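Each remark here refers to the structure printed beneath this line.
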């Protein structure tokens, strides 16, 4: 077997393999001889069909099968011989005939991409800002208050509505005197000041009592998702059925037990809340640090990535998105361009992380895997059931091993990186400030 390899462009390689005719003929002959021992033909006893008859009838078919098998085997032998690491499946075609070919054998050309060869870089040019956070008693107090608000009850009152009241209303929306789709509801509960509706809607309902009717005018935001309503002035006819004021429950023993606290004491509830806050905080800090590390690796390692791997990643991301869409959705609407940038980055990062893992001989230590699973399971009511589920599912277990490897890489990079500790608050790290989105209504 003769092999020659040339670099066409970037990571693409064109490999030409020549299979000697004697090797092909020998393999064909061996297959025909084996076939003649079992061939059945009219006029001959089983296994007694003359070889020349078998050869005449089956040689073209056998030669094709032998050639296909030899091409597959010789391709893998050739890439090993040339120390190549193909990425994706090759495109294999017969080599063009050449007048210089004295051998009547078979030549084929395999075109494929290879994995990039590089030395992964990570040093102190990677700067990571690590949040330093202490959970204060005031943070626990605020979490307790949020739990109370989740159990808010609304009690009917005979007075004018105010912010934080819940009013129960009918409304009918009109634009240019005509009702529009989605602009109508009956006995819809609405908490004033919640910004659940479009801007200007709720503020005009302040000061109303049960039985009142009012027509209000509001303008939909320019960026409203329903284009036929975006930026348009509309009217809503409002009828108030009830005005209800909020009533926050007290943390009595019964309420505390409803949160899974067996002894029903406020001290135990606070301890449980703090434990959950600490777990969520740890996850958030680790996530922020890991994101910065991975961003740094991408920036420091601008390697070429195989298009075949990017195509596979695009396909995977498209399939994930399709699973979240209605069953009758058309995947052809999701063009490759929608995923290409993120897919390319993921492949690049995967190659860099993989190379670090290989060079540093990082392993997914069983104890680290167990610890990761136990941490994940700790937030569930029956942790042991979750642990057993992971260890009983090889795919899920493999995902955890991948996380452990990534954490080990993150630790290795942090040792070399410039780490700046930045004091912050629990509230700021758990609820980072974001541009405010226009208030919307599910019904408007």
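The values are calculated or read from the model by the stated rules, or taken from the named source; none is laboratory data. Here the structure is a predicted model, which is why all the values come from computation and not from measurement. So basically every Cβ, Gly included, is an ideal-geometry build from the backbone, and we count neighbours across all protein chains shown.
In this structure, does residue 306 turn out to be buried (at least 16 other Cβ atoms within 10 Å of the Cβ) and in contact with a strand residue (DSSP E or B) (Cβ under 8 Å, 6 or more places away or on another chain)?
Yes: the conditions hold for residue 306.
Going through region 168-211 one residue at a time, which ones are within 12 Å of residue 239 (Cβ to Cβ) and in contact with a helix residue (DSSP H, G or I) (Cβ under 9 Å, 6 or more places away or on another chain)?
If the condition is that a residue be within 12 Å of residue 239 (Cβ to Cβ) and in contact with a helix residue (DSSP H, G or I) (Cβ under 9 Å, 6 or more places away or on another chain), then 169 is the only one that fits.
Could you tell me how many of the residues in region 178-197 are assigned to a strand (DSSP E or B), closer than 14 Å to residue 216 by Cβ and touching a residue at least 60 places away in the same chain (Cβ under 8 Å)?
Total meeting the criteria: 1.
Please verify whether region 238-247 includes one or more residues that are surrounded by fewer than 13 Cβ atoms within 10 Å (Cβ to Cβ) and within 30 Å of residue 155 (Cα to Cα).
There is at least one residue in region 238-247 that is surrounded by fewer than 13 Cβ atoms within 10 Å (Cβ to Cβ) and within 30 Å of residue 155 (Cα to Cα).
Can you find, within region 3-48, the residue that is surrounded by the fewest Cβ atoms within 10 Å (Cβ to Cβ) among those that are in contact with a strand residue (DSSP E or B) (Cβ under 9 Å, 6 or more places away or on another chain) and over 27 Å from residue 116 (Cβ atoms)?
Result: 21.
Out of (1) over 30 Å from residue 359 (Cβ atoms); (2) in a loop (DSSP other than H, G, I, E, B); (3) in contact with a strand residue (DSSP E or B) (Cβ under 7 Å, 6 or more places away or on another chain), the odd one out for residue 124 is which?
Answer for residue 124: the failing condition is (1).
Please verify whether region 232-242 includes one or more residues that are assigned to a loop (DSSP other than H, G, I, E, B), modelled with pLDDT of 90 or more and within 30 Å of residue 180 (Cα to Cα).
yes
If residue 221 satisfies all but one of (1) free of Cβ contacts under 8 Å to residues at least 60 places away in the same chain; (2) more than 30 Å from the chain's Cα centre (by Cα); (3) within 29 Å of residue 431 (Cβ to Cβ), what's the number of the condition it fails?
(1)
Just a yes or no: is a residue in region 320-330 part of a loop (DSSP other than H, G, I, E, B) and in contact (Cβ under 8 Å) with a residue 12 or more places away in the chain?
Scanning region 320-330, I find no residue that is part of a loop (DSSP other than H, G, I, E, B) and in contact (Cβ under 8 Å) with a residue 12 or more places away in the chain, so the answer is no.
Run down 283, 288 and say which single residue is assigned to a helix (DSSP H, G or I) and in contact (Cβ under 8 Å) with a residue 40 or more places away in the chain.
Testing whether each residue is assigned to a helix (DSSP H, G or I) and in contact (Cβ under 8 Å) with a residue 40 or more places away in the chain leaves just 288.
If a residue has to be touching a helix residue (DSSP H, G or I) at 6+ places or on another chain (Cβ under 7 Å) and closer than 12 Å to residue 343 by Cβ to count, how many in region 289-333 make the cut?
Summing the residues that are touching a helix residue (DSSP H, G or I) at 6+ places or on another chain (Cβ under 7 Å) and closer than 12 Å to residue 343 by Cβ in region 289-333 gives 7.
I'd like the full set of residues that are over 18 Å from the mean Cα position of the chain (by Cα) and more than 26 Å from residue 293 (Cα to Cα), limited to region 329-376.
Of everything in region 329-376, those that are over 18 Å from the mean Cα position of the chain (by Cα) and more than 26 Å from residue 293 (Cα to Cα) turn out to be 329, 330, 332, 333.
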